[in-house]
Structures are given as C-alpha cells and as structure tokens.
Amino acid sequence: MYLLILTLPLLSTFFAGLCGKWLGGRGAAIISTSSIIMTFLISCFIFYEVTLLKAPCVIEVSPWIITETYNLHWGFLFDTLTAVMLIVVTSISSLVHLYSTEYMGHDPHLPRFMSYLSFFTFFMLILVTADNFIQMFVGWEGVGLCSYLLINFWYGRLQANKAALKAMIVNRIGDFGLAIAIFTIYYYFQSLDYGVVFALAPIYMEQTLPFFEINISLLDFIGFALFIGAVGKSAQLGLHTWLPDAMEGPTPVSALIHAATMVTAGVFLICRCSPLLQFAPNVSIIITIVGGMTAFLAATTGLLQNDLKRVIAYSTCSQLGYMVFAAGLSSYSVSIFHLSNHAFFKALLFLGAGAVIHAMGDEQDMRKMGGLVRILPFTYSAMVIGSLALMGFPFLTGFYSKDLILELAYGSFTVEGRFVHTLGSLAAFFTAYYSARLLSLTFLRQPNGNRYFYEHVHEAPLAMGIPLFLLSFGSIFIGYVSRDMFVGLGTDFWGNALFTLPSKQYMLESEWLDSSVKMIPLFFSFGGVGLAIFHYLYTFKFLFQLKTTTLGRSLYTFLNRKWFFDKVYNEWISQSLLNVAYKQTYQNMDRGLLEFLGPQGIASQIYLYTNRITQISLGFTFHFLFLLLLSLAIFLLFFGGWIYIVPFFDVHVIILLILTLFFLSV
C-alpha cells in the first residue's frame with residue numbers, strides 16, 4: 001500500500017500521456033484526478049500510521065547499483081517528515097488537478113497537461129520518500145524537468161520558452177552544488193544512505209578538507225554545497241530570478257510549483273540534512289542571513305509589480321526566505337510547520353488569481369481590473385482569506401507559524417538572529433502592503449478594464465470553486481489545529497526525523513519574550529494594510545504625483561525592475577561570458593586551432609596541395625615524360641638496392657637524362 005502513492009501517479013502519467021488520443025480530455029482528466037485523490041487518501045493513512053501510531057518504516061524494493069565496494073537499493077523511507085510532506089504534496093496536487101479540469105478544459109492539449117501534472121507529483125513523491133541521496137537526486141532532477149515542461153506548456157509563446165529555459169539553467173547551478181555535496185559525502189562516508197551518513201556525522205566534526213590549498217571543515221563544505229542546491233530550488237537570493245518568470249505557465253502550474261512541489265524541495269533538503277547541518281555552525285549562519293535577505297528583497301520587489309501572478313510569486317519567494325532562515329536558526333520543525341501552512345494559503349491565492357484571470361479573458365494586469373468585488377464575491381472572499389493568512393492576520397493559518405519564526409529569531413539572542421528579525425519584520429510590513437494593494441486594485445477600486453470583459457465576467461465554475469472552498473478552510477484552521485502537534489513545547493511528534501542540538505533550542509526563550517516584542521510583526525502588518533488601503537482607495541492621485549517625481553520614478557523603476565538583478569545578470573555577466581565564449585572559445589579554438597589541426601584542417605590542406613600539384617602538368621607529352629623520369633630518379637635514390645636489378649642503369653646516367661629532357665622541353 002505504501003508504494004501505491006508512487007505507482008498511481010506514474011500510471012496516471014502514462015495513461016493520460018500515451019492514451020490521451022483515445023481517452024480525450026475529459027477521460028484523461030478523470031483518470032489523473034482520481035489517481036491523485038486516491039494517493040492523497042493513502043497518504044492520510046500513512047500519516048496516521050507513521051506519526052500518530054509511531055511506526056516509521058523503510059522499504060527496500062530492489063537492488064539498483066551493485067559494485068564491489070558499495071550496494072545501492074531502491075529504498076523508501078517513511079518517517080514523520082516524509083508523512084507530513086506527503087500530506088502537503090498530495091492534498092495540494094489533488095486540488096490543482098481538479099481545478100485544472102475546468103481551467104484548462106478548453107485547451108486541446110489537456111491530456112498532455114494532466115500527464116505533466118501527474119509526472120510532477122510522481123517525482124516530488126520520489127524526492128520526499130527517498131532513503132538515500134542518489135534516489136533523492138533523481139526526484140530532484142525530475143521536478144526540474146517537469147517544471148520545464150509545464151512552464152513551457154504553451155510552447156508557441158516566446159516568453160514561455162525563455163522562462164522555461166531560465167528556470168532550467170538557473171537550477172543547474174544549484175544542482176551542481178548538490179552533486180558536489182553528494183560526491184563528497186560518498187568519498188568520505190563511503191555511503192549515501194541517510195541513516196549511515198547521519199549516524200557518522202559527529203565523528204567527522206574535526207575532519208578537514210583541502211580546498212584550494214586551504215583546510216576547511218568537511219561538514220562545513222558539505223553543508224554549504226547542500227545549501228547551494230537548496231538556493232537554486234527554493235529561489236533564494238542570487239538564484240531567485242527564475243521564480244517570477246515561471247508565471248508564464250498556466251496558473252495551475254504556478255499553484256503547484258509555488259505551494260507544494262518544486263520550491264519546497266530546497267527547504268525539505270535542509271531539514272532532511274539537519275543531522276549534518278547541526279555540526280556545521282558556520283553554514284547555519286550563512287543560511288540564516290541569506291534567508292532573511294531573501295525575505296526582505298522579495299517583499300520589497302513585490303510592492304510595485306503590476307502582474308497579478310507575479311505579485312503572488314514574489315510573496316512565495318519572501319515566505320521561502322522565512323522558512324530558510326528558520327532552518328538556519330536550527331528551528332527545523334517551525335520551518336516545516338510554516339511550509340505546510342504556506343502551501344494552503346499560497347495555493348488558495350494562486351487558484352483565486354486563476355479564477356480572476358479566467359473570468360477577465362486571460363488579463364493579468366491589475367491596473368486593468370477593479371470593481372470585481374460585486375461580480376466575483378466568492379473569489380473575492382477566497383482571495384481575502386488567502387491574503388490575510390499570508391500577512392499573518394491573528395488566528396489564521398499564517399499567524400501561527402510566521403510570527404513564531406520571528407519570535408524565534410529574536411529569542412535566539414544572536415547577531416544573525418536579530419538581523420533576520422529586523423528584516424523579517426520589515427518584510428511583514430511590505431507583505432501586508434502589497435497584499436492589500438492587490439485586493440484594492442483587483443476588486444475594490446473603480447473598474448478600469450475593457451467593457452467587453454466585464455460584460456462576460458462570471459464566477460468560478462464548480463470544479464474551480466470546490467478547491468477554493470477547501471483551501472479557504474485550510475487557510476483558516478490548519479495552523480490552529482496542527483500548532484501544538486508540530487511545534488508545541490515538549491511534543492515528540494517529529495521523533496528522529498529532525499535533529500537539533502540542545503544548545504540550539506530557542507523555543508523556550510521565545511515563549512518568555514516580552515509582549516511588545518511579540519506584537520511587532522502584528523503592528524507592522526496592520527500598518528501595511530492600513531497604508532495600502534489609504535493610498536489606493538483615497539489618495540491614488542497623490543501616488544501618481546509621487547511616482548512622476550524624479551525620486552519617485554527612480555524608486556519605482558528600481559523596485560519594478562526587481563532590483564536590476566536581471567539587468568546585471570544579462571548585461572554584465574551573461575553577455576560578457578557569451579562574448580568571451582564567441583571570440584575566444586568559438587573563433588580562436590573551435591573554428592581556429594581545433595579545425596586547423598582536426599579533420600577539416602587536414603582535408604583542406606590536402607586539397608590545397610593537390611591543386612598546386614595538378615597545376616604543374618599542362619598536358620604536354622614532354623612534361624609527362626619529365627615527371628615520370630623525375631619520379632623514377634627519386635625512387636632509385638631512396639631505394640638504391642633496386643639498381644642492381646638493372647645493372648646497365650646508373651643514377652648519374654638517369655639524372656643526366658632527366659636534365660637533358662628538361663632543357664630540350666624548355
């Protein structure tokens with residue numbers, strides 16, 4: 001039964017993809033959606049058995065790589081961390097599949113789309129259930145492949161092609177870091193199984209590694225390489241540029257990528273490798289600082305974006321920063337708690353945005369919307385619930401995990417903890433501001449779009465409404481229901497799935513913080529909401545006047561252009577590398593040295609000298625005789641032994657004869 005959660009999505013992929021021509025769009029949708037829903041039901045039973053009954057297990061299916069020094073099997077680990085991720089992945093995926101049957105119902109390639117979605121779910125399940133690094137890497141690369149296929153689903157659009165390639169190439173950098181970590185682990189630990197590697201981690205605390213003639217800590221090097229992999233997948237600062245561009249895919253793809261699958265893989269990797277990272281304190285500091293900076297940068301960038309889905313995408317990047325710096329502070333349980341909470345309200349926001357885009361004739365610019373609160377009351381209610389949960393409104397899902405992360409950062413009483421607490425509190429203000437801005441521009445302001453679209457606006461159909469309704473309930477209650485189980489003081493829920501050293505337990509300190517410190521995120525959130533509503537509903541002309549000033553235009557351009565990260569990458573780094581590659585590698589080496597010394601160069605030289613030789617003969621008989629005798633003379637010079645076969649010939653005689661013929665011909 002445990003293996004059915006992998007078998008069903010794989011069968012769904014093959015049936016929808018290979019038999020879609022005969023099944024049709026509706027048949028492929030029914031098969032794939034029902035398969036994923038069955039997977040979710042099985043995951044619920046696994047969650048009950050593994051976490052509540054305390055019965056984790058490892059299943060070895062078959063041998064995979066058998067060598068003289070190491071044997072690797074296809075094995076699946078079902079512990080508490082895996083069970084939680086299974087619930088998150090399969091629940092969100094089930095709702096996205098159901099939503100897609102209506103949202104993509106008009107698309108002639110619906111079977112292919114449903115096949116890709118199921119394939120995405122399958123690889124994510126491979127990733128979270130693996131019991132060794134190699135099998136995890138298979139799932140890791142699989143979700144990268146499926147993200148490329150789904151972002152580029154409408155392959156006739158140039159922007160979709162560019163976004164898919166960008167996601168693939170940027171993630172290659174992170175994948176390289178993860179591969180280096182896996183190679184290093186195998187070289188030193190002589191194993192890639194989680195259990196063996198994590199059990200041996202304390203033994204290697206003092207082990208050093210020569211790196212460019214500098215001895216560095218082995219676990220620091222491995223931890224940093226693992227974090228590079230997480231930076232790529234979870235879109236942290238530096239490799240975050242692919243995430244907003246992934247909005248070129250269909251909206252259900254955005255919901256699946258941002259809520260439960262690809263971007264959560266990096267956070268899952270950090271938490272899974274907690275027994276290694278706990279003995280790499282320097283890497284933990286780096287993780288904390290990068291996560292805090294990502295949360296702040298993404299929140300400020302989302303302030304002035306005009307694309308509906310892009311604003312929500314930057315909110316995903318910001319919330320991932322919260323999860324990462326919580327893990328950097330060794331609060332892995334809180335990080336996973338926020339991950340599971342975030343999945344519900346982020347899926348709700350994306351699917352709600354999809355309902356708005358679907359109703360407005362695929363329009364995504366918020367400046368061309370407005371007044372939809374009267375026409376789409378159900379969608380508006382869902383978006384309000386998701387936005388309030390995102391900004392950490394009291395007693396909604398996001399409140400229980402987001403505020404707890406900031407309390408832990410302050411309660412750690414470290415320099416990096418205070419640093420990320422400051423950035424996280426400011427990010428909470430900006431998050432509340434752009435969430436209220438989104439609601440104001442889309443639903444509350446006066447209509448500002450095409451009249452034709454407003455005449456045809458309609459509420460979400462049943463297949464799109466059911467996921468919105470269920471996700472709304474999750475966004476309200478999931479955090480309250482699961483808080484004491486996931487992160488309550490003294491809970492033994494996680495067992496051995498997550499490991500934290502006693503010296504890095506900050507939960508107790510955060511509980512006894514002063515109330516004024518705990519209220520800081522709440523005050524910032526309320527301030528952001530109030531300021532955004534005041535600006536976009538009552539002082540809109542003032543904002544326009546502010547934006548047209550020199551300082552306002554510069555600030556607007558800076559934030560709207562995403563801190564110029566794309567400009568720096570494209571013009572300063574990518575273009576410079578391409579110029580060097582073209583002028584040096586291509587022109588001088590490929591087209592120059594290698595072709596000159598290679599088959600093409602040899603062939604061209606032979607052709608050149610052959611032409612020169614053929615130009616010697618002009619077709620006259622005496623020229624032919626001259627060349628014949630010259631060849632014979634050369635032959636006799638080098639092979640003098642043949643002279644004795646014709647004793648009446650002498651070399652000097654032959655040379656004299658050749659010269660005579662030459663002068664006669666002249």
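What are the pairs, 6+ residues apart or on separate chains, where a residue within the stretch 241-255 that is under 12 Å from Tyr148 (Cβ atoms) has its Cβ under 7 Å from a residue that is part of a loop (DSSP other than H, G, I, E, B) and small (Gly, Ala, Ser)?
Trp242/Ala235
Take the stretch 220-238 and flag every residue that is in contact (Cβ under 8 Å) with a residue 60 or more places away in the chain and at positive phi.
The one that is in contact (Cβ under 8 Å) with a residue 60 or more places away in the chain and at positive phi: Ala235.
Would it be correct to say that Ala353 is modelled with pLDDT of 90 or more and either surrounded by 20 or more Cβ atoms within 10 Å (Cβ to Cβ) or touching a Lys or Arg at 6+ places or on another chain (Cβ under 7 Å) (or both)?
Yes.
Can you spot a residue in the stretch 426-445 that is open to solvent by 20 Å² or more (accessible area, probe 1.4 Å), part of a helix (DSSP H, G or I) and β-branched (Val, Ile, Thr)?
Within the stretch 426-445, not a single residue is open to solvent by 20 Å² or more (accessible area, probe 1.4 Å), part of a helix (DSSP H, G or I) and β-branched (Val, Ile, Thr).
I'd like to know if the stretch 107-125 contains one or more residues that are within 15 Å of the chain's Cα centre (by Cα) and of a type in the set (Phe, Trp, Tyr).
Within the stretch 107-125, one or more residues are within 15 Å of the chain's Cα centre (by Cα) and of a type in the set (Phe, Trp, Tyr).
Given the residues Ala55, Ala28, Ala16, which is the only one that is without any contact (Cβ under 8 Å) to a residue 12 or more places away in the chain and not charged (D, E, K, R)?
On inspection, the qualifying residue turns out to be Ala55.
Can you tell me which residue within the stretch 525-557, out of those that are among the aromatic types (Phe, Trp, Tyr) and open to solvent by 70 Å² or more (accessible area, probe 1.4 Å), is nearest to the chain's Cα centre (by Cα)?
Restricting to residues being among the aromatic types (Phe, Trp, Tyr) and open to solvent by 70 Å² or more (accessible area, probe 1.4 Å), the top hit is Phe526.
Mind checking which residues of the stretch 421-436 are farther than 18 Å from Tyr314 by Cα and β-branched (Val, Ile, Thr)?
Listed by number, the list holds a single entry, Thr422.
Is it the case, given these coordinates, that Gly105 is surrounded by fewer than 23 Cβ atoms within 10 Å (Cβ to Cβ) and in a helix (DSSP H, G or I)?
Judged against the criteria, Gly105 is not a match.
Would you mind finding the one in Asp590, Asp492 that is open to solvent by 70 Å² or more (accessible area, probe 1.4 Å), of a type in the set (Asp, Glu) and without any contact (Cβ under 8 Å) to a residue 24 or more places away in the chain?
Asp492 is the lone residue from the list that is open to solvent by 70 Å² or more (accessible area, probe 1.4 Å), of a type in the set (Asp, Glu) and without any contact (Cβ under 8 Å) to a residue 24 or more places away in the chain.
Assess whether Phe477 counts as being outside any loop (DSSP other than H, G, I, E, B) and of a type in the set (A, V, I, L, M, F, W, C).
Answer is yes for this residue.
Collect the residues in the stretch 545-568 that are more than 16 Å from Asp307 (Cα to Cα) and either of a type in the set (S, T, N, Q) or in contact with a Gly (Cβ under 8 Å, 6 or more places away or on another chain) (or both), keeping them in residue-number order.
Those that are more than 16 Å from Asp307 (Cα to Cα) and either of a type in the set (S, T, N, Q) or in contact with a Gly (Cβ under 8 Å, 6 or more places away or on another chain) (or both): Gln545, Leu546, Thr548, Thr549, Thr550, Ser554.
Residue pairs, Cβ under 6 Å, 6 or more apart or interchain, first in the stretch 105-123 and farther than 14 Å from Phe15 by Cα and among the polar types (S, T, N, Q), second in a helix (DSSP H, G or I) and open to solvent by less than 40 Å² (accessible area, probe 1.4 Å). List them.
Every condition considered, the pairs that remain are Thr121/Pro9; Thr121/Ser93.
Collect the residues in the stretch 355-406 that are of a type in the set (Val, Ile, Thr) and in a helix (DSSP H, G or I), keeping them in residue-number order.
Val356, Ile357, Thr379, Val384, Ile385, Thr397, Ile405 - these are the residues of the stretch 355-406 that are of a type in the set (Val, Ile, Thr) and in a helix (DSSP H, G or I).
With respect to Val283, determine if the residue is β-branched (Val, Ile, Thr), part of a helix (DSSP H, G or I) and under 18 Å from the mean Cα position of the chain (by Cα).
no
Which residues, counting only those in the stretch 194-218, are under 27 Å from the mean Cα position of the chain (by Cα) and open to solvent by less than 50 Å² (accessible area, probe 1.4 Å)?
Within the stretch 194-218, Tyr194, Val197, Phe198, Leu218 qualify.
Just the residues that are hydroxyl-bearing (Ser, Thr, Tyr), touching a residue at least 40 places away in the same chain (Cβ under 8 Å) and over 28 Å from Asp220 (Cα atoms), please, taken from the stretch 143-196.
Selection gives Ser147 alone.
Here is a check on your reading of the model: is Phe40 closer than 24 Å to Ile336 by Cα and open to solvent by 30 Å² or more (accessible area, probe 1.4 Å)?
Yes: the conditions hold for Phe40.
Evaluate the stretch 82-89: report whether one residue or more is farther than 30 Å from Tyr186 by Cα and either part of a helix (DSSP H, G or I) or open to solvent by 50 Å² or more (accessible area, probe 1.4 Å) (or both).
Yes: one or more hits.
Can you confirm whether the stretch 449-461 contains a residue that is of a type in the set (D, E, K, R), open to solvent by 40 Å² or more (accessible area, probe 1.4 Å) and part of a helix (DSSP H, G or I)?
yes
Just need a number here: residues in the stretch 219-268 that are over 11 Å from the mean Cα position of the chain (by Cα), surrounded by fewer than 24 Cβ atoms within 10 Å (Cβ to Cβ) and part of a helix (DSSP H, G or I).
7
Since Thr51 meets every condition but one in (1) within 24 Å of the chain's Cα centre (by Cα); (2) within 19 Å of Leu339 (Cβ to Cβ); (3) not aliphatic (A, V, I, L, M), which condition does it not meet?
Status for Thr51: all satisfied but (1).
The values are calculated or read from the model by the stated rules, or taken from the named source; none is laboratory data. Being a predicted model, the structure only gives us computed values, none of them experimental. Positions of Cβ are backbone-derived with ideal geometry, glycine not excepted, and every protein chain shown enters the neighbour counts. We work out accessible area using only protein heavy atoms, side chains counted, and drop any ligands, DNA or RNA first. Shrake-Rupley method; radii C 1.70, N 1.55, O 1.52, S 1.80 Å.
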